[in-house]
Each structure stands twice: as C-alpha cells, then as structure tokens.
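To start, the structure under review is shown below, and the notes come after it.
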Amino acid sequence: MVKQIGNQNDVKQRACRVIKVGSDFSGINAAGVSLGRLLPKAKFRLMFGSEILPGCLNVLGMMEHKAEVMYGDVRERNVDDVPYVDCYIWTPPCQSYSMAGNQKGCADDRGKLIGEGVRYVVKKKPRLAILENVPGLMNKNNRPVVKGIHKALQKAGYVPSWKILNAKDFQVPQARRRVIMVALRADKGRFKWPRPSETVVSLADILDLVGPNDKPGRMPRGKVGRQNMKMG
C-alpha cells in the first residue's frame, strides 16, 4: 500500500501508516474481523460500511472493529459523499447469481447491486478493490455481467484478476467456493494469487472439543477447547 499525497491522482510511492478500508454489503463485518487478525488495530481504519439487515446491524453494533460511517441502502447515498479508502471490498447479494437462486442475474434488482461497487471504484479510485460472490457469477449466462465489470475497471485504470477459490484450501475448516475478483490500480502493479496450503484443517482441529478422554461435565483437555468453552 502507498500513502496518498494531495489529490488521489497525485500519488507518491510511500508506505501507508494507516490503511483506510471501506466495505459495502458488509454483513457481519468479515473485512474488519479478517483485518483485525492480520494487523494491529492502529494500522487500519474502517472508514465506512453498508448494511440493511436488522440482524446484521445488531451484530455490527457489538463488534470491536466498527465502521466510522454506516450506510443503509447504497442506492440512496451520493457516492461523492462516501469517504475515499485505500482498500474497497464489496460483497453484493448473490441470490440472483447462485445455482440455488432464481439465476436472473442483473434482471433481478438484487443482482443489479453489484454495479454499486463498480460505481464507487470508478469514482473514488481506491488503490485496491476486491469483489466476492458465488461461483455462479462466472456461469455462461452471467458472462455479460463479468465482462462489463472487467471492462469498466480496466477503463478506470485497474488490472482485474478473477479466480474461484475454496476456503478449505487455505486452512479454513469449511468447503466454501467463492469467486474473488482482485483489482489493483495499474500504477500499483499486478496481483499475485496465493498458493493453496498443503495442510488441511478440520473443524475438530479448530474447536479442539472432542478427545478420547472427554466426559460430560468436564472441560476439554486441549487449550483451544478450554478457551472456546469459557467464551461460550
């Protein structure tokens, strides 16, 4: 990452002291939780988020890492008023692209929301933009959507890269396939995808709750299991 000097087109190659982050369709703040595990709290700022689901908003209100500004319906805000960030992440509704959904793509109002992220990137020019959605987005009938996003970002000066990844290949105890698009601004170089881990992590490895000597009413012997039981 580099630090912005002056206006966002006048950039000097200098490391950011604090990374400014924004997310749309924030859910329960996966971006903030992930960054909190990777970086000290003082090294990043969650400048903004957006969410309309009451349940998610309740969870967000109780989390340690909170967005400084929280928007509701992204269609009702003026993108000019949204803060500039170094890293922008958007995870729009997936129902219209999912194989289990109606598969109407942008013909569904929820499917059209994917364009709100493109609008932010084109207008604000963050250094890095990340899109996450279901693998169905890459299906043949959604090809115009993907091509449209790719073309718009390229025109705005980005180098987009797309790939379908599975969480279980990166030491997460869950088989969860998702399409990820990473777009670096062209003046920042090209993105290199991480290699899958050779180590497979199971849910039992993470929870550490069950063992041959476990008995009802007793604390687990493993350190992680004991911590999880105390937290519960």
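The values are calculated or read from the model by the stated rules, or taken from the named source; none is laboratory data. Owing to the predicted nature of the structure, the values given are computational and were not obtained by experimental measurement. Here the Cβ positions follow ideal geometry from the backbone for every residue, glycine too, while neighbour counts run over all protein chains shown. To get the accessible areas, we keep the full protein, side chains included, count just its heavy atoms, and leave off ligands, DNA and RNA. Shrake-Rupley method; radii C 1.70, N 1.55, O 1.52, S 1.80 Å.
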**Request:** Return yes or no: is Arg143 over 17 Å from the mean Cα position of the chain (by Cα), open to solvent by 10 Å² or more (accessible area, probe 1.4 Å) and within 19 Å of Gln154 (Cβ to Cβ)?
**Result:** yes
**Request:** Go through Pro93, Pro40, Pro54 for me and flag whichever is within 15 Å of the chain's Cα centre (by Cα), open to solvent by 30 Å² or more (accessible area, probe 1.4 Å) and of a type outside the set (Ser, Thr, Tyr).
**Result:** Pro93
**Request:** Kindly establish whether Tyr97 is in contact with a helix residue (DSSP H, G or I) (Cβ under 6 Å, 6 or more places away or on another chain) and under 25 Å from Trp193 (Cβ atoms).
**Result:** yes
**Asked** Does any residue in segment 37-59 that is over 16 Å from Asp86 (Cβ atoms) come within less than 6 Å, Cβ to Cβ, of a residue that is open to solvent by 50 Å² or more (accessible area, probe 1.4 Å) and at pLDDT below 95 six or more places away or on a different chain, and which pairs are these?
**Response** Glu51/Leu57; Cys56/Ile28; Val59/Ile28
**Item:** Residue tally, condition out of contact with any Lys or Arg (no Cβ under 6 Å at 6 or more places or on another chain), among the aliphatic types (A, V, I, L, M) and either over 24 Å from Arg178 (Cα atoms) or in a loop (DSSP other than H, G, I, E, B) (or both), over segment 55-98
**Value:** 6
**Asked** Are any of the residues in segment 9-16 closer than 15 Å to Pro126 by Cβ, at pLDDT below 95 and not in a loop (DSSP other than H, G, I, E, B)?
**Response** yes
**Message:** Based on this model, can you work out whether Val85 counts as β-branched (Val, Ile, Thr) and open to solvent by less than 20 Å² (accessible area, probe 1.4 Å)?
**Reply:** yes
**Message:** Step by step: first the residues of segment 163-177, then only those that are out of contact with any helix residue (DSSP H, G or I) (no Cβ under 7 Å at 6 or more places or on another chain) and in a strand (DSSP E or B), then the one that is most open to solvent (accessible area, probe 1.4 Å). Which residue is that?
**Reply:** Lys163
